[in-house]
Structures are given as structure tokens and as C-alpha cells.
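Working notes, beginning with the structure itself.
All of the numbers you see were taken from the coordinates with simple rules; none came from a lab. Quick caveat: nothing in here was measured; it's all calculated off a predicted structure. Glycine gets a Cβ as well: all are built from the backbone with ideal geometry, and neighbour counts include every protein chain shown.
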Amino acid sequence: MTDYLDLKESMLEAYTQWGAYWRDHQIEHLLNIFPEGQLCIKVDGKLVGAALSVIVDYKSLGDNHTYKDATGNYTFSSHTPNGDVLYGIEIFIRPEFRSLRLGRRMYDARKELCEKLNLRSIVAGARMPNYAEHADSLSPKQYIEKVKNKELFDGTLTFQLSNNFHVRKVLKGYMPGDIESMEYAALIEWINIYYEPRPTFLSEEKMQARLGLVQWQMRPFKDYESLCEQIEFFVDAASGYKTDFILFPEFFHAPLMAEFNNATEAEAIRGLAKYTEPLKEKFSELAIAYNSNIITGSFPVMRDDKLYNIGFLCQRNGTVEEYQKLHITPDERKAWGLVGGDSLKIFDTDCGKIGILICYDVEFPELPRLLAEQGMDILFVPFLTDTQNAYHRVRHCAQARAIENECFVAIAGSVGNLPKVNNMDIQYAQSAVFTPCDFAFPTNGVKSEATPNTEMVLIVDVDRELLKELNHKGSVKNLRDRRKDLYRLEFIQQTVDLDKLKFAIA
């Protein structure tokens with residue numbers, strides 16, 4: 001943590017009038033999501049300055065933004081790798097090193113990064129720390145003109161203009177509490193003359209996505225091949241509607257446990273685990289053949305003599321990624337001896353960033369919030385519930401997650417009765433897609449829902465552009481308005497090497 005302590009000390013020295021600095025968890029998160037955008041300078045092994053940045057979709061941010069907007073309410077949720085502009089959120093040098101032109105060197109490095117990433121420009125809100133001295137006689141526009149004409153000197157703006165930035169407009173209320181600037185800032189931009197607009201490809205990320213939710217009927221199957229025939233039937237049916245995602249329920253293949261019904265429940269589900277690898281390979285083949293991303297539900301997996309509940313995201317480009325159930329219900333622990341996993345991750349797809357949580361996990365709001373902070377737009381929840389009260393726990397929690405995380409949530413479960421399989425007698429489900437509750441969405445937050453306890457496929461279209469609009473212009477802004485100054489959330493398995501902060505500027 002030595003580098004971070006130097007960073008904190010340098011910020012406090014650079015901003016003595018503010019007494020503000022980025023906390024360690026914020027720097028760690030920034031390094032996780034965009035390590036190459038964070039630059040620093042070391043002198044004799046000591047960090048004496050830094051330039052922090054994110055990539056934004058500038059159309060979504062717009063010209064009339066604040067510092068809070070640009071930083072995603074100080075969480076950096078504004079960062080999107082597919083954006084078109086490098087946004088400078090911070091640049092500072094310790095006062096005793098400001099005569100060495102180190103700030104210019106960091107700006108040169110930023111420009112090189114902008115060109116390397118083929119971004120349209122670098123944008124920032126430039127404080128005007130000398131404006132308060134002239135506010136009685138000059139408007140912000142007049143002040144900027146005098147600084148541009150070198151009639152006045154401004155500690156920040158003069159430096160920005162000398163680095164080939166130009167002023168686009170005046171931002172009002174950019175940084176509340178900035179008394180020196182009277183809360184004004186100049187919206188500045190450096191144009192990348194080498195920028196080449198990216199062509200549109202068929203594989204480019206889609207803003208609209210079509211979801212296919214399989215509400216699976218539990219029924220006996222004579223063998224594994226019969227189960228696979230039913231799986232392919234649903235994949236074929238859903239893909240016929242050009243679905244981008246197909247969601248299967250948790251443990252939907254439980255009928256295969258009938259083969260082990262003379263064994264104990266714990267032994268039976270361990271016997272079921274032998275089908276997990278073949279099903280994973282089958283789903284991957286189907287995803288490619290039917291051109292749809294498939295969330296496979298979940299399966300038992302034995303690792304190091306422990307039994308886990310694991311599923312797979314099989315993308316239509318051939319990649320296969322794993323997700324794990326982290327929270328195990330008391331009955332799953334008692335009857336089957338399941339243990340919780342320890343991996344939580346976001347998945348990049350051709351239809352944006354998605355999260356996947358298995359059943360009980362959606363009842364813990366921390367997990368979807370962690371995924372939302374990484375840019376999740378759609379949360380998929382394969383579930384398995386026996387009674388209506390169990391189902392409604394999952395349903396109501398899933399609907400709450402859609403509202404508080406400004407995302408779509410799709411849930412899919414199994415229905416019907418299953419004879420000759422212990423601990424799997426009855427199932428109840430009503431698969432659905434939930435939305436936030438605002439003007440662009442259904443008033444009750446339910447985009448669509450299946451008929452309860454009936455086998456069917458639910459086809460639903462969702463538009464991620466609506467989520468962006470909600471985040472910036474919604475009646476309430478759940479993600480932006482969090483009090484990060486009072487509380488924070490972190491997943492302790494996600495760590496970052498602060499050595500990434502070292503940048504090759506001597």
C-alpha cells in the first residue's frame with residue numbers, strides 16, 4: 001500500500017484548500033476497470049503526481065454534466081470500454097515539483113493513450129481557481145476569454161489551454177463547494193486528429209436484446225439422450241424468434257436423478273454430477289449452432305471432494321464461462337451437502353454486460369449491487385422453487401434488484417411434479433422479466449411474465465438505451481444518489497495489485 005499512501009499524501013498537498021483525496025477502495029476499483037488510464041509520476045521512488053481517467057460514451061454524458069456525473073457519483077460507473085472519449089477526472093502534482101513540467105508529460109502520455117485507443121478526444125471540466133477574485137467584474141465567459149488572451153493567469157485553465165485544449169462551453173455547478181471557481185468550470189477538449197470512426201460490424205454490441213426464458217416442465221426421461229432432445233427443442237424454438245439469450249432454470253435436469261433414487265439424496269445428486277461436463281459441451285454446441293447465447297441453468301459439480309452448484313454462459317462465439325452459486329439454502333446444505341462458491345464476475349457479451357446469480361443469491365442485495373457497479377445491464381436468475389412462498393421470495397427480491405440497480409432482471413424456473421426423485425417432488429414457477437419503475441418502463445416494473453406453472457417459452461425484448469436514459473434523467477437516480485461518503489461495498493475476493501499504479505514516467 002506504499003504507493004497509495006504516497007498518492008493520498010500528494011493529493012492532500014496539491015489540494016490543501018480542499019482536504020480531499022480518493023480513498024484506497026476507489027483507486028483499487030479504478031485500477032481494476034481501466035488500469036492503463038491511470039498514470040503517475042515517481043521521483044526517487046516517491047509518487048509525486050497522478051492523472052486519472054475513464055472512458056465515457058460522451059453522447060450519454062452530454063455537455064451539461066457535473067463532476068459527479070462524469071465520475072458516476074464517484075464510483076466510476078460512468079466508465080465504458082466501448083465509449084468514444086477519454087475523460088480526465090484528475091491531474092495533480094505536489095507543489096514542490098510543479099516547476100519540472102511533469103504535468104505536461106502526463107498530458108502527453110494521456111494524448112498518446114487517446115490515440116492508441118482510437119478515442120475521439122480528451123474531455124475534462126477545468127476548474128477556474130482564480131475566478132472568485134474577478135467574479136464581481138467578469139462573467140465566466142469573459143474571464144475565460146481574458147485567460148485565453150493571456151490577459152489573466154489562472155492556475156488550472158492556463159495550464160490546460162497551453163496543452164492545446166480548447167474551451168467548448170461554461171459548466172455551472174460543476175463541482176459544488178468549489179468556492180475558488182464559484183462552482184464554475186470550463187468544458188475543455190483536446191481533439192485526436194488521428195481518430196478513425198469505427199465501422200459497424202454485425203458482431204458489434206447490440207443495444208436491444210431479445211430474451212428467451214424457458215419455463216421447464218419437470219418430467220421423467222428414459223435416458224440422457226431424451227433430455228438432450230428436449231433441451232434442443234427449446235433452444236430451436238427460442239432461436240426461431242432470433243433470441244440473443246436463452247435462459248434455462250436451476251437444476252432443470254433433475255429428472256436424471258431417478259437413476260440414483262435407491263441411493264441417499266446426497267449420493268443421488270453426486271451421481272447427477274457425472275452429466276455436468278457432457279451438458280456443458282452440448283450447450284456450447286447448441287449456442288454456436290443456433291446463434292444464441294445460452295445461460296445453462298445450473299448443475300452439481302464435484303471439486304476437491306466438495307459439491308458446488310455451477311452453471312455456464314455458453315456464448316454464440318464459442319466461449320464458455322462459469323458462474324457459481326454463492327449462498328446455499330439450509331435444505332440444500334442438509335439434504336445434498338452443497339457448499340457455496342467464491343467467484344462473482346461480470347460477463348461481456350455482444351449485447352452488453354450481464355450478471356448471473358443462481359436462485360437464493362438474488363435474495364442478497366449486495367451481489368447485484370457489486371455487478372451493477374461494474375456496468376451490468378441485464379441480470380439473469382435461474383431458479384428452482386417448490387412452493388409459492390419460496391417462489392415469491394425470489395420474485396420480489398429480483399424485482400427489487402431491477403429497481404435499485406437500474407437494470408433488467410430475467411428469472412426462469414421449473415414447473416410441475418417429478419415422481420421417483422427424492423427431494424424434488426413439486427415445483428412452482430412463473431418466469432418473468434422485471435424493469436425499473438419509471439416513465440420509460442411498465443408502471444408495475446413487470447415487462448412480461450409467463451403463465452404460472454405451465455411449460456412455455458417467454459420471449460421478451462429489452463432496450464439498454466432506456467437504462468442509460470434512466471441513469472441520467474430518471475425521476476430518481478438510485479445508482480448516482482448513493483451516499484458513497486457514508487458507506488461502501490466490496491467483494492473481498494476481488495483484489496488488485498497496486499503495483500499497476502506504477503507508470504513508466506521517471
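Results, tabulated for the structure shown:
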item: For the chain, the spread of Cα positions along each principal axis, largest first, Å; result: 88, 46, 40
item: Dipole axis of the chain (+1 Lys, Arg; -1 Asp, Glu on Cβ), positive-most option in THR296, SER137, ALA400; result: SER137
item: Using alpha-carbon coordinates, inclination of helix 2-14 to the longest axis of the chain, degrees; result: 40 degrees
item: Low-density loop cleavage sites - trypsin sites (Lys or Arg not before Pro) in region 385-442, where at most 14 other Cβ are within 10 Å (DSSP); result: LYS420
item: Nearest-0.05 FRET efficiency for GLU366 and LYS146, computed from C-beta distance (R0 45 Å); result: 0.30
item: Length gained when the stretch ASP485-VAL43 is fully extended (0.36 nm per residue, less Cα-Cα span); result: 156.0 nm
item: Label-point separation in nm, ASP108 to ASN444, each point 7 Å along Cα→Cβ; result: 6.4 nm
item: Pairwise label distance in nanometres, ILE179 with GLU404, each label 7 Å out on the Cα-Cβ vector; result: 3.8 nm
item: Isotropically averaged projected area of region 2-198, using the convex hull of Cα atoms (one quarter of hull area), nm²; result: 10.9 nm²
item: Alpha carbon Rg of region 208-464, scaled by the compact-globule rule 2.2 N^0.38 Å; result: 0.93
item: Whole-number D in µm²/s for region 148-193 (Stokes-Einstein; Kirkwood sum over Cα pairs; 10 °C, 1.306 mPa s); result: 138 µm²/s
item: Volume per residue that the Cα convex hull of region 294-354 spans, once the total is divided by residue count, Å³; result: 88 Å³
item: Theoretical gain in end-to-end length, GLU90 to ASN32 [0.36 nm per residue, Cα-Cα removed]; result: 19.2 nm
item: Inter-probe distance in nm under a simple model that places probes 7 Å from Cα toward Cβ, at ILE346 and ILE193; result: 3.5 nm
item: In Å, descending, principal axis extents of the Cα set of region 1-86; result: 41, 28, 20
item: Contour minus Cα-Cα distance for GLU9 and LYS334 (0.36 nm per residue); result: 111.8 nm
item: Projected area averaged over orientations for region 131-262, convex hull of C-alpha atoms, nm²; result: 16.8 nm²
